[in-house]
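These notes are about the structure you will find just below.
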Amino acid sequence: MEARAILRYARISPRKVKIVLDLIRNKPVPVAKGILHNTPKAASELLLKLLASAEANAENNHDMDKDKLYVAECFATQGPTLKRIQPHAQGRAFKILKRTSHITLVLKEQEN
């Protein structure tokens, strides 16, 4: 049994999100929350909300024990890229790629 939460079209690069995801993978939910609260990255705020959502899904939709949950899987994939243009010298245009992410968080119960 697993509970998942997915955040689509997050306006942050997947490369930045993966750094924080590596910190919480295979950790119990309270430990993962503590790590995210104390990590000074932009992705940690998004992941904190996503973790709370996955925890609520586990408790309400799947009747899982809140105290036995851990982060089983977490990954970020590339979403659509917003292409913008910034003017540069001598009439040239410089392309800016604003990347987006699809973030998935899967919680499972520990087998004791």
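Being in contact with a strand residue (DSSP E or B) (Cβ under 6 Å, 6 or more places away or on another chain) and more than 23 Å from N112 (Cα to Cα) holds for only one residue in K49, K18, and it is K18.
I'm trying to understand the selection: among the residues of segment 54-73, which are in a helix (DSSP H, G or I), in contact (Cβ under 8 Å) with a residue 12 or more places away in the chain and among the hydrophobic types (A, V, I, L, M, F, W, C)? Once the filter is applied, which keeps residues that are in a helix (DSSP H, G or I), in contact (Cβ under 8 Å) with a residue 12 or more places away in the chain and among the hydrophobic types (A, V, I, L, M, F, W, C), segment 54-73 yields A54, A58.
Has segment 28-37 got any residue that is in a strand (DSSP E or B), touching a helix residue (DSSP H, G or I) at 6+ places or on another chain (Cβ under 7 Å) and among the basic types (K, R)?
No, that holds for no residue.
Would you point out the residue of segment 74-112, among those that are charged (D, E, K, R) and in contact (Cβ under 8 Å) with a residue 40 or more places away in the chain, that is surrounded by the fewest Cβ atoms within 10 Å (Cβ to Cβ)? Checked segment 74-112; the qualifying residue surrounded by the fewest Cβ atoms within 10 Å (Cβ to Cβ) is K98. Within segment 5-27, the residues that satisfy the criterion of being part of a strand (DSSP E or B) and either hydroxyl-bearing (S, T, Y) or crowded, with 17+ Cβ neighbours inside 10 Å (or both) are A5, L7, Y9, A10.
Of all the criteria given as (1) assigned to a helix (DSSP H, G or I); (2) under 11 Å from L105 (Cα atoms), the one not satisfied by E45 is (2).
With respect to L51, is the statement that it is crowded, with 17+ Cβ neighbours inside 10 Å, part of a strand (DSSP E or B), of a type outside the set (K, R) and modelled with pLDDT of 95 or more true? So L51 fails the test. In segment 7-27, what residues are in contact with a helix residue (DSSP H, G or I) (Cβ under 8 Å, 6 or more places away or on another chain) and either free of Cβ contacts under 8 Å to residues at least 24 places away in the same chain or of a type in the set (A, V, I, L, M) (or both)? Matches in segment 7-27: L7, A10, I12, V17, I19, V20, L21, L23, I24.
The values are calculated or read from the model by the stated rules, or taken from the named source; none is laboratory data. This is a predicted model, so every value here is computed, not measured. Here Cβ is always computed from backbone atoms with ideal geometry, including for glycine, and neighbour counts include all displayed protein chains.
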